[in-house]
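The values are calculated or read from the model by the stated rules, or taken from the named source; none is laboratory data. Please read all numbers here as calculations on a predicted model, not as lab measurements. Every residue, glycine as well, gets a Cβ built from its backbone with ideal geometry; the counts of neighbours run over all protein chains shown.
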Amino acid sequence: MATMIVPIHQLIEEYKARPCLWKTTAKEYSNKIIRRRAVEGICEALKLPCDSATLTGLKRKIKNLRSTFAKELRNIAKSQKSGASADDIYEPSWKWFQHLDFLRTHIQVRAGESNLDEVLVSS
């Protein structure tokens, strides 16, 4: 499969223009047909072929953007919880963070969980 080159800024703008893809409170959010048509609309707007591989790649790219945004939000929350001063609060340097800020109220930042049991150290 060839690498798909997507203008990220335009992708984010097209994604933002389709709340059915990101606004969890929207009625259309749970409708798979509407969501698929919205992704196809992004393909058309970006002048990409709307084949299965492109749609899959586009969904993966959106998921990666959302995941990175959520990771940055976790880093901010973690730095605020530690009782750090205002100078020590994490400030995201990721290029697309401000562009994706519309997602802030729709992404739940969950704390990571360990699947390891506590290890008892004998002395």
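Here are the criteria: (1) within 19 Å of the chain's Cα centre (by Cα); (2) modelled with pLDDT of 95 or more; (3) loosely packed, with under 14 Cβ neighbours inside 10 Å; (4) not charged (D, E, K, R). Tell me which single one I5 does not satisfy.
So I5 meets the others, but not (2).
Which of the residues belonging to the range 94-113 are in a loop (DSSP other than H, G, I, E, B) and at pLDDT 90 or above?
Of everything in the range 94-113, those that are in a loop (DSSP other than H, G, I, E, B) and at pLDDT 90 or above turn out to be W94, K95, W96, F97.
Yes or no, residue by residue, for (1) farther than 22 Å from P7 by Cβ; (2) not charged (D, E, K, R):
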{"site": "L21", "(1), (2)": "no, yes"}
{"site": "T24", "(1), (2)": "yes, yes"}
{"site": "Y29", "(1), (2)": "yes, yes"}
{"site": "C43", "(1), (2)": "no, yes"}
{"site": "R66", "(1), (2)": "no, no"}
{"site": "K71", "(1), (2)": "yes, no"}
{"site": "R74", "(1), (2)": "yes, no"}
{"site": "S93", "(1), (2)": "no, yes"}
{"site": "F97", "(1), (2)": "no, yes"}
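Out of the residues in the range 11-38 that are aliphatic (A, V, I, L, M) and either under 17 Å from the mean Cα position of the chain (by Cα) or under 12 Å from L65 (Cβ atoms) (or both), which is surrounded by the fewest Cβ atoms within 10 Å (Cβ to Cβ)?
Ranking the candidates gives A17 first.
Go through (1) part of a helix (DSSP H, G or I); (2) within 20 Å of V109 (Cα to Cα) for R35 and report which single condition fails.
The failed condition is (2).
Taking the range 1-32 only, how many residues are assigned to a helix (DSSP H, G or I), of a type in the set (D, E, K, R) and touching a Phe, Trp or Tyr at 6+ places or on another chain (Cβ under 8 Å)?
1
Being at pLDDT below 75 and in a helix (DSSP H, G or I) is the filter here, so list the residues in the range 78-87 that pass it.
K81, A86, D87
Can you work out which of the residues in the range 50-67 that are more than 23 Å from A26 (Cβ to Cβ) and in contact (Cβ under 8 Å) with a residue 24 or more places away in the chain is nearest to the chain's Cα centre (by Cα)?
Across the range 50-67, the extreme among qualifying residues is G57.
Please work out if K47 is at positive phi and either in a loop (DSSP other than H, G, I, E, B) or over 17 Å from the mean Cα position of the chain (by Cα) (or both).
On the way: at positive phi: yes; either in a loop (DSSP other than H, G, I, E, B) or over 17 Å from the mean Cα position of the chain (by Cα) (or both): yes.
Yes: the conditions hold for K47.
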